[in-house]
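Novice: The structure that follows is given in the form of structure tokens.
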Amino acid sequence: MKCEVLTLFPGIVSAAVTDSILKRAAEKGLVEIKVTDLRDFAHDRHRTADDYPFGGGPGMVMKPEPLFEAVEKIKAEGEPLKVILMSPQGTVFSHAKALELSKETRKLVFICGRYEGIDDRVRQALVDEEISLGDFVLSGGEIAAAAVIEAAARLIPGALGADESAENDSFYDGLLDYPHYTRPAVFRDIAVPDVLLSGNHEEIRRWRRKEALKATLRRRPELLEKVELSAEDKKFLKEIESEMWEG
Ligand code: SAH
């Protein structure tokens, strides 16, 4: 996965994408992340990248020239690109989108807005896709772009170590993850479920599957409508439902 992030705050993105897992994935050659300071494409000696909005009103707007020139410079390198704008008006990010991006062969160019946002001509002329982190407004696209890159990169086969595989994580198979415990076996009078100490791998597998179904049914029941459930899953769900009535 090849990415380039265009931002007025390169430090925020760099700090977020040079953590252990992304760093290792980069060393293995699985991801390549470049962070580009849009002020390098400003035209005056103050390196101005924003200006007052036409029509008046509060706040500043990111000027179109630096963004156009930055994207044109990347285009001139000759690789096919997909230009993604981080925006609260975009499609809400999800595991499915992370998986799609993890397989993308085009270079991904992320545009991070600031202030009131970017001059809309950038969106009209350059942007292939708009991604939102959720229905809230951040002050900039940097953390959102870093979150998207991290979520996608960890799904690239080999990016995570064998002991930290993504397969059991929430959403991977359409369900939420099961609960995790580590030592001590009893902590402040709360004991780890016996089955996890039993050494019986089949029992542990069954417990974990049932707990994943339970977590999903309780917290995100709508996810269950989209999962293909096995006969065992259906049996577990029946048990969970009758346990819920009893409890
Ligand atoms: N006035 C704009 C918000 C500007 S916030 C509006 O209401 O639509 C400044 C920048 O932060 C945006 O350009 C975008 O890049 C980023 N941003 C804010 N909220 C975001 C979100 N939920 N997801 C992704 N990016 C976001």
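The values are calculated or read from the model by the stated rules, or taken from the named source; none is laboratory data. Here the structure is a predicted model, which means the values were calculated and not measured. Cβ placement follows ideal geometry from the backbone for every residue including glycine, while neighbour counts extend to all protein chains displayed. Just the protein is used for accessible areas: all its heavy atoms, side chains included, with ligands, DNA and RNA removed. Shrake-Rupley method; radii C 1.70, N 1.55, O 1.52, S 1.80 Å.
Novice: Mind counting the residues in region 107-125 that are closer than 22 Å to TYR52 by Cβ and buried (at least 17 other Cβ atoms within 10 Å of the Cβ)?
Specialist: So the count comes out to 10.
Novice: Determine whether PRO179 is open to solvent by 30 Å² or more (accessible area, probe 1.4 Å), at pLDDT 95 or above and not in a helix (DSSP H, G or I).
Specialist: yes
Novice: May I pose another question? Provide a single number: the residues in region 215-227 that are open to solvent by 40 Å² or more (accessible area, probe 1.4 Å) and among the small types (Gly, Ala, Ser).
Specialist: 0
Novice: Just the residues that are within 30 Å of the chain's Cα centre (by Cα), charged (D, E, K, R) and in a helix (DSSP H, G or I), please, taken from region 215-246.
Specialist: ARG218, ARG219, GLU222, ASP233
Novice: Please count how many residues of region 108-129 are over 17 Å from the mean Cα position of the chain (by Cα) and not in a loop (DSSP other than H, G, I, E, B).
Specialist: So the answer is 9.
Novice: In region 89-106, which residue that is in a strand (DSSP E or B) and loosely packed, with under 12 Cβ neighbours inside 10 Å is nearest to the ligand (Cβ to nearest atom)?
Specialist: GLN89
Novice: Checking the conditions here, which among ALA212, ALA166, ALA151 is more than 30 Å from ILE240 (Cα to Cα), within 25 Å of the chain's Cα centre (by Cα) and open to solvent by less than 40 Å² (accessible area, probe 1.4 Å)?
Specialist: After ruling out the rest, the residue left standing is ALA151.
Novice: For region 148-177, which positions are without any contact (Cβ under 8 Å) to a residue 60 or more places away in the chain and under 30 Å from VAL61 (Cβ atoms)?
Specialist: Scanning region 148-177 gives a single hit, ALA151.
Novice: Something else now. Please go through region 107-133 and give me each residue that is touching a residue at least 40 places away in the same chain (Cβ under 8 Å) and more than 9 Å from the ligand (Cβ to nearest atom), ordered by number.
Specialist: LYS107, LEU108, VAL109, PHE110, ASP119, ARG121, VAL122, ALA125, LEU126, VAL127, ASP128, GLU129
Novice: Out of everything in region 91-106 that is basic (Lys, Arg) and within 16 Å of the chain's Cα centre (by Cα), what residue ends up being farthest from PHE54 (Cα to Cα)?
Specialist: Selected residue: LYS103.
Novice: I'd like the residue in region 136-157 that is more than 20 Å from PHE9 (Cα to Cα) and touching a helix residue (DSSP H, G or I) at 6+ places or on another chain (Cβ under 8 Å) and, out of all such residues, is nearest to the ligand (Cβ to nearest atom).
Specialist: Looking at the filtered set, the residue picked out is ALA151.
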